[in-house]
Amino acid sequence: MQATLTALVAKAQTDLAALKSRPEFEAAKARLVGPNGELTALMKQMGAVPKDQRPAMGKLINETKTALQALLDTALGTIEAAELQAQLGPAVDPTLPSPDAGPGTYHPLTLVREEMCRILRKVGFTVADGPEVETEYYCFDALNTPADHPARDTQDSFFFPPTARFGNVSKHTPDEKYLLRTHTSSVQIRTMLKGEPPIRIVSPGRTYRRDTTDATHSANFHQLECLYVDKNVTVRDLKALLDYIFGSLLGKATKTRFRPHYFSYTEPSFEVDLGATHLPKVKKDWIEIGGCGMVDPSVFAGVGYDPEVWSGYAFGMGLERLAMLLYGIDDIRYFYQNDLRFLKQFA
Amino acid sequence: MKISLNWIKDYVALEASVEELGRALTLLGLEVEQIIRTGAPQLDQVFVGEVLVRDKHPNADKLSVCQVDLGSAGGVKTIVCGAQNYKVGDRVPVALAGAVLPGNFVIKQSKIRGQLSDGMMCSAKELGVAEDADGLLILDGRPALGTPINAVLPVGDVVFDLEITPNRPDCQSHLGIARELAAWFKLPLIYPQEKFRGKVEGAAHPELLHNVSVLSPEDCPLYTAHIIKGIKIGPSPAWLRERLTAVGLRPINNVVDVGNYVMLETGQPLHAFDARKLGGHQIVVRRAADGEKITTLDGKERTLSSRMLVIADAAQPVVIAGIMGGENSGVSDDTTDLVLECAIFRRQTVRWTSKHLGLTSDSSYRYERGVDPHSALEAAYRAVDLILETAGGQVVGPAFHVGGDVPWKREIVVTHGYICDQLGFEIPAAEMRTALEALELSIAREEPNAARGPAWTVTVPSWRDDLDRPIDLVEEVLRLHGTDKIPPAVVSSPGLIGDDDPVVLFNRRVTDYLVGHDFHECVSYTLRSAKEISTWVSQTAAVELALANPFVDDQSHLRPTMIMGLLESLKLNQSRGVPVTQLCEVGRIFIERNGQNYECAAAGFVLAEPMGERSWLKREPADFYAAKKHVAALAAAAGIDLVRQPLVPVTGSFYGWQEGHSAAAGEMAQGWTARFGLLNLAMVRSLGLEGKIYAGIFAILPEKLTGEATRRRYADFSLMPAALRDFALVVDLAVQSDEVRKTLAKIARAAIGNAFALESVEVFDVYHGKGLPEGKKSLAFSLVFRSAERTLTDDEVNAVGQKIQDEIAKSTPWQIRK
């Protein structure tokens, strides 16, 4: 019997090593240790073993059982490892490109707008919004623009016919005409009428001028405006804000310069020049970037703020112009063509 | 406006360099668009010389050695020259040692290839009189040898092309600009001194002009006319021609030139009539009759209307007031007696007329911006002086002066403290006083004010109508102090604890989502064509969204969707061979419903098949359900759960969708709308695009976005194991899965009662074809049951399953598929 047991183990060792799959394994396992297996059959012969030999034989059978179990475990381990290996397939070539599209990209105008908003948010400005279809009151009258100003002319701005009805753009007076806003300054008026001072907003958005499209002009373009209303606001505060904005955006080497100018809704008014010769493609010492000034007292009076108590400043600029300067883009039309080779450069 | 530096120097003794002047003008708010140098600069040691001998240079093929006679300026000199365009006997400019040519080019005696040269013969470019030159400047007219070259060349001048802001009509003149520069450089301003002061000495000649009547005084608040008899028309003197030429005007004759000169000097337009040509010897300032005609100086016949003002004689209009004279009333070579008009016209009248006739002039430009009525007579006197000086003649009576009787007086009271408070920094009171006075804003009174520093009563001159309030004087003080000297400061900003506008938050969320899902964000034009909108969207939208005054035909309407723009970008990339599949845009669109337009915040996208691209590994192309997922995410960004909304096939409101392969949710009455699915295959192909394009758009009224997300509450969930049962139902092909799902859920809940919970009902298989009757499909659902307290037994779940089967058989038209 001892010889039979030893032979059983030896045979099992050979047979199990040759197994390739789980069904083969299960069959082999049943053949060895299953209820009708060879070991079970040998164990059933224990009754025929003389009593005095039984302990030794029992021990031998147990040892055999342990040995077979170990062989089975090893065989199963090998099969499982082979199964996992089969799931993997051949090794990948990590240098092959991903066939999936992506990654997505933000438009450069969005990137510049969001960066400006972040910079302004740090100093307490929140982002405001308003309609692109506006009325003459919000776009002109409330901003102190005289009735015969060229911007109010159909030559320069897009108007809607008197029959046009906009369900969710409110008029100030029933007779005024709708037009596409010529600047985001209309948001200043809506914000001031809706809220109370102090106010600190930045309003980015799409604006429209009746203009020929060329390398630097576009029928629609984007602006960004700041409005600050509080007590004792000064010209020096305005200059400090612009120094801060452009220093943050374009680097500490950037200089800003005010040039006296004229806007109907600010007094005094300035055009803002940037000294940024450290930027690519900037050749001129000073580049005009926007307009600003102290809110004209008549604008405050128009929205019901007491000009004796409240003062403030406003600043506006073109986002395309800023993006062109920042990235060194020389044609405004690229922003609207959406050539992927353009869009992917700014992500 | 072009300003000549030589001219300005008549009124202010400027010594600053051109660079300093440019900076001063800029900081004064007079934007310098261009600096143009004309004529020759001051050139010392450069003389007229004549080439006597021209020999070949012994050591250089292209050089010559010349003997040049400079006459009184040094006799015969030896000059080595490389130019080829001259011959012996030509007179040319010669720069001798010590001359400094433009560009700081110092001329010395030197050896050139072994030959001594005493100087250089010059080209026009080297002298700074031309941008470009080929060879030496050969002087015409044989000027005397040894003449300093500046006596031969046109006088050098610097012309500043300035952009004048509309609030400063006073700066539309040399005198106005001189006033600003005098104030900046702290120099006195020298006004021209008129000899004629309105006193007419000769006998009256009513046969030349006996009456001026102004019938429309609101359009013409002031009209003056002077008669000058016995003039002789001829060319203007050189100084006058030079001035006009420098600023871009063509000299015509002495009288016309004086008119232009005085306008450019003072800003007051003038007009001269030939007295003979005024029918009835009278002037009538009146509105034109509708349809009345005049042929203007430029030879064009103009039809007038009753809103236009004209200067007429007894019979007909002779001038369109303030804009342009008629062909037949102006001065000509044989004119001997003049009527000189100096008037003020209402700016709105001139502007309206100019715009409607499409006719502008230097005169109309100034009237539109405003001409100071209180300086008009000074300009008339100045013009009389210059006409007498250049054309002779005599001022005779009668002189006419109609209107102009409103006196000017304006005072502003401002304190030193107020100005400092507005500026945010200190400027000494003395400096402010000096600045104001330099601009002829005289201080009528100064009163001490303990708290606010001195209080000044400032007298505003008539040409500064733009100054009306204390704040207006702040700008004047700051301008002269220098806006480049505003001291730096740190931004101080106490927080206002506000949040960004809900629309801004929505835009940011959807952009982040789409870019995060591999879309490329586009920006396209808002204005689209009528044809596109009527083809792709609706006929009514193509009416209601129209602009009144489009600039170009294909940009005449507001966009009702951004999908068209995205398709255009898709096409552009495809045609340029750039692979692209996923594009998106976030922005405003304008939706028309029942004749009302609504401005909406919106986000849209397109998903295209990869075109002509080969890939080493194939991926499944996008489908309807990819579009659905993205639109649901866009809706979720606005707080709307698209899954809970009824979805209907797209009809009507956007023709561009493929029927049976697209869906819509929401309506403008609810404040939002969504469309998604396959774009119409034929229409997409008509754009020149290939393959299937899926798209989606979500739009919402801005006012519906509140920005306030509802605070979520935690709900308990069971830790017990779930029990699953599957049901496959055979239904008609047209039946929507959601209808079946909802019914099944209802039946299951009724079957369970309160015993445990139905956790979910989800469709997991859709089948039609073999094994099923024609027109039928099978929908397989998985139902998940769970109890909060215990493990469910097979028996109780089976019992529920049986009840569900019975109920389906009893109350629905569907069959359980075995």
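The values are calculated or read from the model by the stated rules, or taken from the named source; none is laboratory data. Quick caveat, the model's predicted, so the values are computed rather than measured. Here Cβ is always computed from backbone atoms with ideal geometry, including for glycine, and neighbour counts include all displayed protein chains. These area figures cover heavy atoms from the full protein model, side chains too; ligands, DNA and RNA do not enter into them. Shrake-Rupley method; radii C 1.70, N 1.55, O 1.52, S 1.80 Å.
Dipole of chain A (Lys/Arg Cβ +1, Asp/Glu Cβ -1, origin at the Cα centre): which of A:VAL33, A:PRO161, A:PRO280 lies farthest to the positive side? Checked the options; the winner is A:VAL33. Simple point charges give the picture: +1 on the Cβ of Lys and Arg, -1 on the Cβ of Asp and Glu, and for the stretch A:48-186 a dipole about the Cα centre of about 840 debye. The heavy atoms of A:TYR208 offer some 0 square angstrom of accessible surface to a 1.4 angstrom probe.
For the pair the stretch B:451-478 / the stretch A:203-269, the C-alpha centres are spaced 26 Å from each other. To the nearest 10 degrees, how steeply does helix B:794-811 sit against the main Cα axis of chain B, on a 0 to 90 scale? Taking the Cα atoms of chain B, the angle to B:794-811 is about 80 degrees.
Work from the charge dipole of the protein assembly as shown (Cβ charges, +1 for Lys and Arg, -1 for Asp and Glu, about the Cα centre) and give the residue of B:ILE443, B:VAL92, B:TRP672 farthest towards its positive end. Of the candidates, B:TRP672 comes out farthest on the positive side.
Burial of accessible area (probe 1.4 Å, heavy atoms of protein chains only) in the stretch A:250-295, relative to its chain alone, reaches at least 30 Å² for A:ARG257, A:PHE258, A:ARG259, A:PRO260, A:HIS261, A:TYR262, A:GLU267, A:PRO268. Taking Cα atoms only, the orientation of helix B:624-637 departs from the longest principal axis of chain B by about 70 degrees. Exposure check, 1.4 Å probe, all protein chains in place: A:ARG152 carries approximately 40 Å² of accessible surface. Return the whole-Å distance between the Cα centroid of the stretch A:32-101 and the Cα centroid of the stretch B:737-757. Answer, in whole Å: 49. Per residue, the stretch B:502-704 exposes 41 Å² of solvent-accessible protein surface, assessed with a 1.4 angstrom probe and all protein chains in place. When the protein assembly as shown is described by a simple charge dipole with +1 on each Lys and Arg Cβ and -1 on each Asp and Glu Cβ, the residue from A:THR207, A:LEU249, B:LEU687 located farthest towards its positive end is B:LEU687. When +1 charges are put on Lys and Arg Cβ atoms and -1 charges on Asp and Glu Cβ atoms, the dipole computed for chain B relative to its Cα centre reaches about 1860 debye. P(r) for the stretch B:211-403, from all Cα pairs and a bin width of 10 Å, is 10, 39, 39, 12, 0 %, short bins first. Beyond 19 Å in Cα-Cα separation lie the following of the pairs A:LYS239/B:LYS485; A:LYS171/A:LYS194; B:LYS618/B:LYS770; A:LYS255/A:LYS283; A:LYS284/B:LYS186: B:LYS618/B:LYS770; A:LYS284/B:LYS186. What the phi angles of the stretch B:771-779 give under the Karplus curve with 6.51, -1.76 and 1.60, with θ = phi - 60°, is a coupling list of x, 10, x, 4, x, 10, 9, 10, 10 Hz, glycine and proline written as x. Per atom type, chain A shows carbon and sulfur on 54% of its accessible surface, probed at 1.4 Å. Note on surface exposure: A:SER157, B:SER442 rank B:SER442, A:SER157 by accessible area, highest first, 1.4 Å probe. Helix A:54-88 and the longest principal axis of the Cα set of chain A meet at an angle near 30°. If you sort B:ARG619, B:ARG464 by accessible surface, 1.4 Å probe, largest first, the order is B:ARG619, B:ARG464.
Return the whole-Å distance between the Cα centroid of the stretch B:325-347 and the Cα centroid of the stretch B:563-629. Cα centres, the stretch B:325-347 to the stretch B:563-629: 66 Å. B:HIS271 exposes around 40 Å² of accessible area when a 1.4 Å probe is run over every protein chain in place.
Of the residues in the stretch A:305-347, those shielded by at least 30 Å² of accessible area once partner protein chains are present, compared with the chain alone at a 1.4 Å probe, are A:TYR336, A:GLN337, A:ASN338, A:ASP339, A:LEU340, A:ARG341.
Between Rg and the Kirkwood Rh of chain B, both from Cα atoms, what is the Rg to Rh ratio? That ratio is 1.18, to two decimals. Charge dipole (Cα centre; +1 on Lys/Arg Cβ, -1 on Asp/Glu Cβ; no other charges) of the stretch A:174-315 amounts to roughly 600 debye. Using the empirical formula 2.2 N^0.38 Å as the baseline, the Cα radius of gyration of the protein assembly as shown reaches a ratio of 1.39.
Which longest uninterrupted range of chain B lacks any GluC sites (Glu not before Pro) assigned by DSSP to a loop state (not H, G, I, E or B) and surrounded by at most 16 other Cβ atoms within 10 Å? Longest gap between qualifying sites, sites excluded: B:441-612. The accessible surface of the stretch B:244-399, taken with every protein chain in place and a 1.4 Å probe, is 46 percent carbon and sulfur.
Computed over protein heavy atoms with a 1.4 Å probe, the accessible surface of the stretch B:254-372 works out to 35 Å² per residue. Per the Debye calculation on the stretch B:294-422 with a single equal scatterer at every Cα and no solvent contribution, log₁₀ I(q)/I(0) for q = 0.09 Å⁻¹ amounts to -0.37. Surface analysis of chain A yields an accessible area of 45 Å² per residue, using protein heavy atoms and a 1.4 Å probe. The listed residues A:THR173, B:THR561 rank as A:THR173, B:THR561 when sorted by accessible area, largest first, using a 1.4 Å probe.
On the accessible surface of the stretch B:502-704, probed at 1.4 Å, how many percent belong to carbon and sulfur atoms?
Carbon and sulfur together cover 53 percent of it.
At the nearest 100 Å², what buried accessible area, both sides summed, do you get for B and A when the probe is 1.4 Å?
Details: alone 41910 and 19500 Å², together 53820 Å².
So the total buried area for this chain pair works out to about 7600 Å².
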